[in-house]
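Shown next, in C-alpha cells, is the structure this report addresses.
The values are calculated or read from the model by the stated rules, or taken from the named source; none is laboratory data. It should be emphasised that the depicted structure is a prediction, and the values quoted were computed from it without experimental measurement. Note that we place each Cβ from the backbone using ideal geometry, even for glycine, and neighbour counts take in every protein chain shown.
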C-alpha cells in the first residue's frame, strides 16, 4: 500500500507542505489529483474553509458562518460531500493517478464521515495517497487504517521517490 499519513502537532503548516508537495509532483510530470485546504480569508482559525481541487482549481466551501459568539462546529458536512466528487473521479481514472492528496484525516474522518469512504476506496484500489493526521487524531487513524504508521514529514521526500512509476 502506498500511503503517507504525515503526523503533525500543529506547529508545521501542513496545508502549505501538502500544496508544495502536490505542485512539485505535478512539475515532475506526475498525475496528481485531490483536495487541498485553502483559507481565502487568510485567517485559518476562524475564516472560511475551502477545499480546492488540485487539478481543476474548483473550490468547495466546507464551512458555515455560524455568526458571532457561536461555539458549535462550523464544518459543513454537505460541503465535504460536494468536494468528495473530486476523489471519486480520481478513482474512475484509467490509468489511475500517480498520487492523490487529501488535505487531512480529521475529526469527520475519525468518526467515519467526511472523506473517509473515498480515502478507503483509494487505498483499496492501490492508488498512492498522501494525507496528514494531527496528533489528536492518531488513535482514530490507527483504528481506521489498521495500524498503518504515521510518517514524519521529514521522511516525505524518500516516500515520494519510492512511488510507482518514478
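Inspect segment 104-113 for any residue being over 21 Å from residue 10 (Cα atoms) and surrounded by 14 or more Cβ atoms within 10 Å (Cβ to Cβ) and give the result as yes or no. Within segment 104-113, one or more residues are over 21 Å from residue 10 (Cα atoms) and surrounded by 14 or more Cβ atoms within 10 Å (Cβ to Cβ). Pairs meeting the criteria (first residue in segment 81-99 and at negative phi and touching a residue at least 40 places away in the same chain (Cβ under 8 Å), second residue surrounded by 14 or more Cβ atoms within 10 Å (Cβ to Cβ) and assigned to a loop (DSSP other than H, G, I, E, B), beta carbons under 6 Å, at least 6 apart or on different chains) are 90/97; 97/31; 98/30; 98/31; 99/30; 99/128. Of the residues in segment 107-135, how many are touching a residue at least 40 places away in the same chain (Cβ under 8 Å) and part of a helix (DSSP H, G or I)? The number of residues fulfilling the criteria is 2. Put simply, of 84, 59 the only residue that is at pLDDT 90 or above and touching a strand residue (DSSP E or B) at 6+ places or on another chain (Cβ under 6 Å) is 59. Residue 149 fulfils the conditions (1) in a loop (DSSP other than H, G, I, E, B); (2) surrounded by 14 or more Cβ atoms within 10 Å (Cβ to Cβ); (3) touching a strand residue (DSSP E or B) at 6+ places or on another chain (Cβ under 9 Å); (4) at negative phi except for a single criterion, (2). Going through (1) closer than 20 Å to residue 17 by Cβ; (2) in contact (Cβ under 8 Å) with a residue 60 or more places away in the chain; (3) loosely packed, with under 13 Cβ neighbours inside 10 Å one by one, residue 57 falls short only on (2).
Is there a residue being assigned to a helix (DSSP H, G or I) and loosely packed, with under 14 Cβ neighbours inside 10 Å anywhere in segment 63-75? Checking segment 63-75: not a single residue is assigned to a helix (DSSP H, G or I) and loosely packed, with under 14 Cβ neighbours inside 10 Å.
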